[in-house]
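> Following this message is one structure expressed as structure tokens.
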Amino acid sequence: QVQLVESGGGLVQPGGSLRLSCAASGSRFSFINMGWYRQGPGKERELAATISGGGTNYADSVKGRFTISRDNAKNTVYLQMNSLKPEDTAVYYCRARTMTNTYWGQGTQVTVSS
């Protein structure tokens, strides 16, 4: 059974930083794409950043502030978030895709507030 275990969320002041981690396990197949999505209060879920063999992709709202990376040996994806703003407040979800399936984590809360 595939599991995605997220960690690293929390409360941070505007301008601060957080690093999210997502460890994926249990798949017979390689994860060809991993990434982070987020859902703010009263908003729909949206892409934050993804990473695959073809490179990285970022939402315009996070470009220059967030960096996604991946440790293939550990099947772990990271999201380094710098210069955080109150509008970054959201539940952040890890997503991992194989050739045939898409998996989601339970989500981790990120709150940016003074």
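> Using a 1.4 Å probe on the protein chains only, how many percent of the accessible area of the chain belongs to carbon and sulfur?
Whole-percent figure for carbon plus sulfur exposure: 44.
> Also, quick follow-up: Two-decimal Rg/Rh of the chain from alpha-carbon positions, Kirkwood Rh?
Rounded to two decimals, Rg over Rh is 0.96.
> Please calculate how many Å² of accessible area the chain carries per residue, with a 1.4 Å probe and no DNA, RNA or ligand atoms counted.
Value for the chain: 55 Å² per residue.
> Could you tell me which residue out of G9, S113, S69 lies farthest along the dipole of the chain toward its positive end? Charges go on the beta carbon: Lys and Arg +1, Asp and Glu -1, centred on the Cα centre.
S69
> Rounded to the nearest angstrom and ordered from largest down, what semi-axes does the equivalent ellipsoid of the range 42-89 get from its C-alpha gyration tensor (root of 5λ)?
Calculated on Cα positions only, the semi-axes equal 21, 12, 11 Å.
> Share of antiparallel DSSP beta bridges in the chain, in percent to the nearest 5?
95 percent
> Shifting gears a bit: Taking a cut-off of 15 Å between Cα atoms, list the aspartates and glutamates near K74, but don't count ones fewer than 8 places away on the same chain.
By straight Cα distance, K74 reaches E6.
> Which length gain, in nm to one decimal place, applies between Q80 and T100 when the Cα-Cα distance is subtracted from 0.36 nm times their residue separation?
Gain in length upon complete extension: 4.4 nm.
> Straight-line reach from K85: which aspartates and glutamates fall under 19 Å, measuring Cα to Cα and dropping same-chain residues less than 8 apart?
Correct list for K85: E44, E46, D60.
The values are calculated or read from the model by the stated rules, or taken from the named source; none is laboratory data. In this text, all values refer to a predicted model and were calculated from it rather than measured experimentally. Cβ coordinates were reconstructed from backbone atoms using ideal geometry, including for glycine residues, and neighbour counts include every protein chain displayed. Side chains are part of the model used for accessible areas, which takes the heavy atoms of the whole protein and leaves out ligands, DNA and RNA. Shrake-Rupley method; radii C 1.70, N 1.55, O 1.52, S 1.80 Å.
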